[in-house]
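Notes follow the structure.
The values are calculated or read from the model by the stated rules, or taken from the named source; none is laboratory data. Bear in mind the structure is a predicted one, so any value in this text is a computation, not a measurement. Positions of Cβ are generated from backbone atoms using ideal geometry, with glycine treated the same way; all protein chains shown enter the neighbour counts. Quick note on the areas: whole protein, heavy atoms, side chains included, nothing else; ligands and nucleic acids left out. Shrake-Rupley method; radii C 1.70, N 1.55, O 1.52, S 1.80 Å.
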Amino acid sequence: GCGSSDDDKTSAPKSETLTVYAAASLTGVFTDLGKKFEADHPGVKVTFSFGGSSDLVTQIQQGAPADVFASADTKNMDKLTADGLQGDAPENFASNTLEIVTPPDNPAKIDSLDDLAKKGVALVICAPEVPCGSAAQKVEEGAKLTFKPVSEEQSVKDVLAKVTSGEADAGLVYVTDVKAAGDAVNGVTFPEAASAVNTYPIATLKDSKHAALAKAFVELVLGTVGQEALAGAGFAKP
Amino acid sequence: MGRTRTVGLPGWLYVPALVGAVFVLLPLVAIITKVDWANFGTLITSESSKDALLLSLRTSAATTVLCVLLGVPMALVLARTTFPGQNVLRSLVLLPLVLPPVVGGLALLYTFGRKGLLGHALEVMDIRIAFSTMAVVLAQTFVALPFLVVSLEGALRTAGQRYEVVAAGLGAGPTTVFRRVTLPLVLPGLLAGMVLSFARALGEFGATITFAGSLQGVTRTLPLEIYLQREVDPDAAVALALLLVVVAVVVIALARPDRREP
Amino acid sequence: MGRTRTVGLPGWLYVPALVGAVFVLLPLVAIITKVDWANFGTLITSESSKDALLLSLRTSAATTVLCVLLGVPMALVLARTTFPGQNVLRSLVLLPLVLPPVVGGLALLYTFGRKGLLGHALEVMDIRIAFSTMAVVLAQTFVALPFLVVSLEGALRTAGQRYEVVAAGLGAGPTTVFRRVTLPLVLPGLLAGMVLSFARALGEFGATITFAGSLQGVTRTLPLEIYLQREVDPDAAVALALLLVVVAVVVIALARPDRREP
Amino acid sequence: MSLELGARVAERDVDASFEINTGQTVALLGENGAGKSTLLAVAAGLLRPERGRVVLDGQPLLDTDNGVDLPPHRRGVALLSQDPLLFPHLTVLDNVAFGPRSRGVPRRDAQQQAEHWLSQVGALDLAGRKPGGLSGGQAQRVAIARALAADPRLLLLDEPMASLDVEVTPALRQTLRGVLADRTAVIVTHDVLDALLLADRVVVLENGRIVEDGDTRVVLTRPRSRFAARLAGVNLLAGTWTGDHVELDDGGVLFGMAAEPLPQPGDRVVATFKPHAVAVYRDLPQGSPRNSFGVRIDELEPLGDLIRLRTEQLSADVTLQAVADLDLTPGTWAAFSVKATEIDVYRLA
Amino acid sequence: MSLELGARVAERDVDASFEINTGQTVALLGENGAGKSTLLAVAAGLLRPERGRVVLDGQPLLDTDNGVDLPPHRRGVALLSQDPLLFPHLTVLDNVAFGPRSRGVPRRDAQQQAEHWLSQVGALDLAGRKPGGLSGGQAQRVAIARALAADPRLLLLDEPMASLDVEVTPALRQTLRGVLADRTAVIVTHDVLDALLLADRVVVLENGRIVEDGDTRVVLTRPRSRFAARLAGVNLLAGTWTGDHVELDDGGVLFGMAAEPLPQPGDRVVATFKPHAVAVYRDLPQGSPRNSFGVRIDELEPLGDLIRLRTEQLSADVTLQAVADLDLTPGTWAAFSVKATEIDVYRLA
Ligand SMILES: Nc1ncnc2c1ncn2[C@@H]1O[C@H](COP(=O)(O)OP(=O)(O)OP(=O)(O)O)[C@@H](O)[C@H]1O
Ligand SMILES: Nc1ncnc2c1ncn2[C@@H]1O[C@H](COP(=O)(O)OP(=O)(O)OP(=O)(O)O)[C@@H](O)[C@H]1O
Ligand code: MOO
Ligand SMILES: [Mg+2]
Ligand SMILES: [Mg+2]
């Protein structure tokens, strides 16, 4: 961005588009925040590209036209900063912890983390390679338990889907996922969750053609409006 | 009217045929039972759904055209010429079929992306392909092209060259033979190939999200929208999936040629 | 040896054919350039990679068998009989092609899952499909079956019924006609369909992960392993993708029949 | 009656029906497009007519009025069509053995039968070949062997001798003669010899309708249709009997000998006479033959030691000497003259 | 020499070569599988032989020695093959107009030409049909029209008259005669009439080799090969000249008149005589004809007013009366007797 025409402070309501790349787990909250942002900035349209954090990073590395990137973990944000693609330094804006999820009728009678290791429980967790899986592994090791999952999924949503469909008796997902799923599931909190907190960082991007707008969006997320919305969706403070 | 007689099929054959049909149809029925009919209308007429549907139809149509332009010559070269390494080439052309679409999308990124093989050349020409609607078309073409090539090559081989040879003997040059004999004779095969590639393009997800991203109105096709809606509103996702199915059935039924025995 | 002559192709046709070939091949080259050759061996021989490869080969082979058992009768019924609603049925059978695989996987869950359409019936019989290798095969069959049906139906229609009619006139009953005339005549088409379904099964990702889950050695096929490795070790993912490509090329090349003009 | 074959196929303008006895062979004659192959297709069960009835030895194979329609493989009817259609994936031997094998004959026996029929058509040396490597006539011979090997209750042969060479034709005709002797069969042919030597009866089709049907020798010596006459090589003119002579349809007058059953004045009749009986002059002669016509010679054909002169309607056989003396070439005008005693006049049925 | 056609195709055991003048028509004769269609395919450029040379009007179309091999569409050679192969997606009219259109003739003119040729083969009324709806003979006629309409420099006809009816054959032969008169053409046929009326020259193939090549009338009246003799309807026996008589290859002795160029003792010769010249008895006669053979009669064929008796090697033409008097039927033993004056003896080249 060698001094491109991104001076958006001009009050002339010309149409501009801000592009936000955000982790899939932020879909609900960020869509709402986007609407809010558009209301605050007439003539600006916010579009989102939601996806797995690592997909998004790869795309940005290959030149995707992103102005803001919000990751579901620090590892993926680190890849970006390693390439020097961030604008301002990343800031953590939310965190998430694990919660046990079961079908509404809780057929396997799961009350605690220990119950997940019971024989005959169809347990589904994330694979250790993805963020929610490494969190699950930490919890498992911390509690000195040995899980025998029937499946190690690629993403939290895949875990949730197995539980909502009644296929699995229990799963380990994020608090926010349990909240978003509403009546479709039953959540069981457990104290050991505190040992594995997942942090969400956000940053503007170096090549952004709307640097000022991007900054404004990051500020919105970090500000009270953003934090309230995130809390409403179940996210904790970073 | 006098009717040419068909030889009957062995009766036992209907059993596995029925099992197969049920196996394919039951899941579709299952989807339909999950649809929230009360809100079906509002779910599929939201701004983002309409954008996604239109984008899907536009890009799939463009993909089909591109597949015909590139695939027909490829099928002809594979079916009508012989050259060393032809079999290897044919296998390679089939590869997008076997590549998980996400890997295909990655491969496209490595090719057309900023840091890709052609990245520098494209940058010099000031062409940005990735993350544009063009990228969606390229991703869909990459996965759909083998369908057209394979089905058309098969049709060309089965049709044989007897009529082409006769036409050449009557003085027709290669272009005339191609236009007036080859193409009309394999038209059913070509149409079948077009339907297949259109269908494959319409359902394409993995390569698109990886190579083109998911921007509403620009790169977010119907399958991507379905995926996204699943995060926030599973009912909407199911409704959209049904919409996709209906669109596909309509297109396939419209395109189906009146296939009579030759 | 005297050779039957082929009519030449118009010269201009080679240009788009070449463009098409480059378009498909360049991304494959791009992948190869990304491979970390120094560690290639160790990357693809890890325990999890070997498990994934073996599982992929086993399930894809089983899928191909299942596709033949169900798809051949289906193709015959579609090509050789007429009944009301046949065109609609044919479109519906094509649907798994157009359905994004993830949606297809959901549909399978809604059907064979514990709470699905057949869930109760299966539970009574104490059959648990989800999270088993059987589920992988079902998911792959669901997406691969249309390939076999479409290509075989095309071959059957192009081959026509003239020889079958002759055979019936010589006193052969439907089963004999099927075994001794129909099947041998469309063998190339059948093999092509088998290659296509095997390839599609080998690359299947979305439906498998949604319906079968992902557990090493049981349900985590090579595409799932690739996807997972991408999160932690992109080098390993690229190496595995290349492995998948090589396996596919080998299988396709081996299966390719010696296709001579009929 | 053992074979009853009738069909109406409006789309092809065919509406014909005939019957033959068990063991009889009928020759189906007629010009291109007359409907010969159509009738065979109906009998074999390959074409379903709007209305049709096929009864073989008392068993209805097709009866549209009563909804009977046996599938081809249950009819016991083998059809040798105009196109050999040998199974491309089977060897010549296996092609011929296909029929016996389908009847349940064990493999070795079937192959022996196949070898027998191949040697009958002079194609035993081709046994191991694939049909793709056969010449046109070789394929035709194998197709004949395959049809014969099927040993059907009814054999339908559509131009079996087309494209066979002069070396094999007489021998094959001899073979067919043996095969057809005690077999119910229908043979389509454009060759009068086939009809004469192989068939007991002749049915002539014209535009999808039967115009003649009778004993082979009777039809070919006393043809009542132009086509049969042409085929038999006799001259035929149609007209009306006046009681004394024939008033030809094209205006002329012809004197001849009325044959039994005697025609009545006003009856439609045909007059036939042999080309041999025609005397040829350069000018219209005066003399005893009261029947003379000015004609333009279209064609000269050698016929044994004679030359056959063809005009638009008539033929005359003359010696080479006469051709030379009269300087006859295509295009010459000449006078044809026939004695009344040489002309037979038949009442049309 | 205007057409030079030579090819060796080992796979099919064909190795033959002949030449003809511009405007000449040659009839290619030979038994099934002799290699006739193979030679035509080489000329048309559809089959590439190991070695071959095709030169038309001085222009090499194929010359394997010098690497020349023009593609079919640049040869100006039209081939009517044994299978009509009409384009199934085009109407009859468009099929016939295909050749002219490919030459660049405007649509309307091409269609007019097509109509002309369709009327020449008596198929104008089929113009609007699709080939799928034609009878076998109708398709054959349209294929002839299509080949003729292409107006090639060299016309190759592979059994054009097979499966045509007796009504159309003479007229079509007449048409072909006109078309072939000033055209370089090769016609494959199994019918001696086609050869006699359409061809200036005859080439006879046997097992892929040329065994006879010469003026039509000469070959058919003085055949030197068994096949040509059979075709011409004359009897032919091969043997060695002793100076006085012929010692036949199968052991007998034959007296006849040696023709110019006179054979020398020890020369290979053929003896020919007409079936007409054969007298038939029930027992071997004593008398002037010194040449008598005991034979078994295989077949009786009507031939005009006569009956042709066929044995394994010989034919005799006798009257119906004689057949009745001698009670001749297939299988009867009889004596054939020929006067020496009726037998011509030729030296083999
Ligand atoms: N498949 C078809 N569809 C429609 N009409 C057809 C079809 N085949 C033949 N016909 C027409 O039906 C009529 C009878 O055809 P058929 O094949 O029975 O004639 P044929 O007597 O066998 O003639 P040929 O001697 O030429 O073989 C012809 O006018 C022909 O054009
Ligand atoms: N495609 C082929 N491949 C191999 N051999 C063949 C092929 N076609 C024909 N032949 C063989 O080549 C020889 C010559 O065949 P060709 O077709 O030239 O015979 P033909 O003289 O045209 O006979 P016909 O009178 O039966 O048409 C035959 O022995 C035949 O079996
Ligand atoms: O976006 Mo993530 O990568 O859902 O855990
Ligand atoms: Mg016919
Ligand atoms: Mg031939």
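A few points about this structure:
- Taken about its Cα centre, the protein assembly as shown carries a charge dipole of roughly 520 debye when the Cβ of each Lys and Arg holds +1 and the Cβ of each Asp and Glu holds -1.
- Position E:K130: other-copy label points at 3.1 nm, ordered by increasing distance, label point 7 Å along Cα→C-beta.
- Charging the Cβ of each Asp and Glu at -1 and of each Lys and Arg at +1, and nothing else, the dipole of the stretch E:233-347 about its Cα centre rounds to 120 debye.
- In the protein assembly as shown, a dipole from Cβ-located charges (positive for Lys and Arg, negative for Asp and Glu) runs towards its positive end, and of C:V68, A:A143, B:L18 it is A:A143 whose Cα lies farthest in that direction.
- Solvent-accessible area, 1.4 Å probe, carbon plus sulfur percent, for the stretch E:3-221: 45
- Listed residues B:Y163, B:Y227 arranged by accessible area, highest first, probe 1.4 Å: B:Y227, B:Y163
- Its Cα centre serving as origin, the stretch E:3-221 has a Cβ charge dipole (Lys and Arg +1, Asp and Glu -1) of approximately 800 debye.
- The reciprocal of the average 1/r between distinct C-alpha atoms defines the Kirkwood hydrodynamic radius, which for the stretch A:72-178 equals 14.8 Å.
- Shortest-first distances to equivalent copies, position C:S48, nm, label 7 Å out along Cβ: 3.1
- Solvent exposure, largest accessible area first (probe 1.4 Å, DNA, RNA and ligands not counted), of C:I127, D:I187, D:I210: C:I127, D:I210, D:I187
- Size of the E/D contact, given as accessible area buried on both chains, probe 1.4 Å, in Å²: 3300
- Normalised alpha carbon radius of gyration of the protein assembly as shown [divisor 2.2 N^0.38 Å]: 1.19
- For chain C, calculated [θ]222 nm from helices alone, where every DSSP H run of n ≥ 4 adds -39500 (n - 2.57): -23000 deg cm²/dmol
- Beta bridge orientation in the protein assembly as shown: antiparallel %, DSSP, nearest 5: 70
- For the pair B and E, the buried accessible area comes to roughly 1600 Å² in total, with a 1.4 Å probe and the value rounded to the nearest 100.
- When only Cα pairs below 8 angstrom with a gap of at least 6 residues are kept, the stretch C:36-255 shows a relative contact order of 34 percent.
- Shortest-first distances to equivalent copies, position E:G243, nm, label 7 Å out along Cβ: 8.2
- When both bridge partners sit in the stretch E:233-347, DSSP labels roughly 95% of those beta bridges antiparallel.
- With 30 Å as the limit on Cα-Cα distance, the pairs of A:K35/A:K179; A:K109/C:K50; A:K45/A:K179; A:K206/C:K34; A:K138/A:K162 that go past it are A:K109/C:K50.
- The rotation axis taking chain E to chain D passes closest to this chain E residue's Cβ, listed with the gap in Å: E:A162, 2.
- Each of E:F273, E:A340, E:V318 was scored by the projection of its Cα onto the charge dipole of the stretch E:233-347, and the greatest displacement toward the positive side belongs to E:A340; charges sit on the C-beta of Lys, Arg, Asp and Glu.
- Cβ-based charge dipole, the protein assembly as shown, positive-most Cα from B:A241, D:T38, E:A162: B:A241
- Heavy atoms of E:M257 accessible to a 1.4 Å probe, total area in Å² rounded to 10: 90
- Å² per residue, accessible surface of the stretch D:3-221 at 1.4 Å: 35
- In the stretch D:3-221, the alpha-carbon atoms span a convex hull of 118 Å³ per residue.
- The rotation axis taking chain C to chain B passes closest to this chain C residue's Cβ, listed with the gap in Å: C:T158, 2.
- For the stretch E:95-111, Karplus couplings with θ = phi - 60° (6.51, -1.76, 1.60), whole Hz, Gly/Pro x: 4, 6, 6, 4, x, x, 4, 5, 7, x, 5, x, 3, 5, 4, 4, 5
- In the assembled protein chains, B:W37 presents an accessible area of approximately 140 Å² (probe radius 1.4 Å).
- The residues neighbouring D:F98, those whose beta-carbon lies less than 13 Å from its own, together hold a net charge of +3 under the Lys/Arg +1, Asp/Glu -1 convention.
- Three-way shape label, chain C, alpha-carbon gyration tensor, a/c 1.5: oblate
- Local electrostatic count at B:T221 - Lys and Arg +1, Asp and Glu -1, tallied over other residues with Cβ under 11 Å: -1
- Across the stretch E:233-347, C-alpha contacts under 8 Å between residues 6 or more apart give a mean separation that, scaled by the residue count, equals a relative contact order of 35 percent.
- Estimated buried accessible area (total), pair A and C, 1.4 Å, Å² to nearest 100: 2000
- Over the residues of chain D, the helix contribution to mean residue ellipticity at 222 nm works out to -7500 deg cm²/dmol, using -39500 (n - 2.57) for each DSSP H run of at least 4.
- Mean separation of Cα contacts under 8 Å (6+ apart) over length of chain E, as relative contact order %: 15
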